[in-house]
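Take a look at the structure below.
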Amino acid sequence: MPDRFPPAAYRMAPNLCILPVGSELWRCHKGSRPAEEFNPVAADSHFGGNRFDGTPEDPYPFLYAGAEPATALAEVLLRSLDFDTGSGCRLVPRAWVAGRSLSRLRTGVELTLIRLVSEEDLAAACQDSWLLEAEGAGYAQTRRWASELRRQVPGAQGLLWQSRRHRPRHAVVLFGDRCGDEPLKPDPAQTIGGLGSPAGIAEANRLLAPLRAAVVDDA
């Protein structure tokens with residue numbers, strides 16, 4: 001796995017793709033936060049956080065989203081969640097969706113993203129699947145790679161990759177310091193404002209059913 005040397009040791013030539021104006025993205029987020037709001041809180045450089053968060057060394061606001069509603073749910077709710085041996089399903093505790101919303105967003109501007117989908121894409125960034133598969137303590141290193149990709153491709157406004165939890169659909173992270181003032185527009189008509197409500201759970205379970213996952217009260 002290409003984590004033996006600091007990423008700055010490599011000269012990369014990442015592949016880019018364009019997310020056109022009007023592209024649809026879905027976000028599972030805290031209901032207290034507007035769907036289009038970027039997270040301004042930098043992750044610790046070594047502990048906690050997520051795969052491509054900003055850090056104190058490169059403190060960009062960030063926003064994760066999926067290309068489909070089920071992708072957004074899976075990326076948030078199915079992390080390291082095992083299949084239950086009794087039901088054969090992944091059982092999501094209801095507390096995990098309490099206070100959350102599922103919202104559709106539309107891009108208000110054209111966005112240039114670094115593409116990390118195919119092996120060719122990863123190789124162009126001097127990487128392999130480790131960058132997208134690493135968990136836990138590995139996030140400190142994946143965040144460092146994201147920062148170096150930003151440095152070497154100053155025009156990149158985010159990253160796009162294949163969701164680990166909803167292949168082959170895509171997930172993205174957007175860099176709030178490069179996307180302009182209003183890069184995303186919420187669609188209130190396509191927002192489930194209370195995923196923890198009976199109606200919200202019913203819709204979440206409909207979307208998660210093909211992934212053999214469900215929100216339950218007694219997980």
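The values are calculated or read from the model by the stated rules, or taken from the named source; none is laboratory data. In this text, all values refer to a predicted model and were calculated from it rather than measured experimentally. Counting neighbours? That spans all protein chains shown, and the Cβs are built from the backbone with ideal geometry, glycine included.
Annotations for the structure displayed:
- The strands (runs of 3 or more DSSP E) found entirely in the range 162-219 that carry 2 or more residues being touching a residue at least 60 places away in the same chain (Cβ under 8 Å) and within 19 Å of the chain's Cα centre (by Cα) are 170-175, 184-192.
- Selection within the range 116-144 - surrounded by 21 or more Cβ atoms within 10 Å (Cβ to Cβ) and of a type in the set (Lys, Arg): 143
- The residues of the range 183-210 that are charged (D, E, K, R) and either at pLDDT below 95 or surrounded by 19 or more Cβ atoms within 10 Å (Cβ to Cβ) (or both) amount to a single one, 187.
- Matching residues in the range 58-78 - criterion: being surrounded by fewer than 22 Cβ atoms within 10 Å (Cβ to Cβ) and without any contact (Cβ under 8 Å) to a residue 60 or more places away in the chain: 59, 76
- Pairs with Cβ under 6 Å, 6+ apart, first in the range 112-136 and farther than 13 Å from residue 162 by Cα, second of a type in the set (Ser, Thr, Tyr) and not in a loop (DSSP other than H, G, I, E, B): 134/142
- Matching residues in the range 32-55 - criterion: being farther than 20 Å from residue 183 by Cα and either among the β-branched types (Val, Ile, Thr) or in contact with a Leu (Cβ under 9 Å, 6 or more places away or on another chain) (or both): 51, 55
- Yes/no for residue 42 being closer than 25 Å to residue 145 by Cα, of a type in the set (Gly, Ala, Ser), surrounded by 15 or more Cβ atoms within 10 Å (Cβ to Cβ) and free of Cβ contacts under 8 Å to residues at least 24 places away in the same chain: yes
- Considering residues of the range 1-39 that are among the charged types (D, E, K, R) and in contact (Cβ under 8 Å) with a residue 12 or more places away in the chain only, the residue surrounded by the fewest Cβ atoms within 10 Å (Cβ to Cβ): 11
- Top-ranked residue of the range 145-161 - restricted to ones that are in contact (Cβ under 8 Å) with a residue 40 or more places away in the chain and not in a helix (DSSP H, G or I), ranked as surrounded by the most Cβ atoms within 10 Å (Cβ to Cβ): 159
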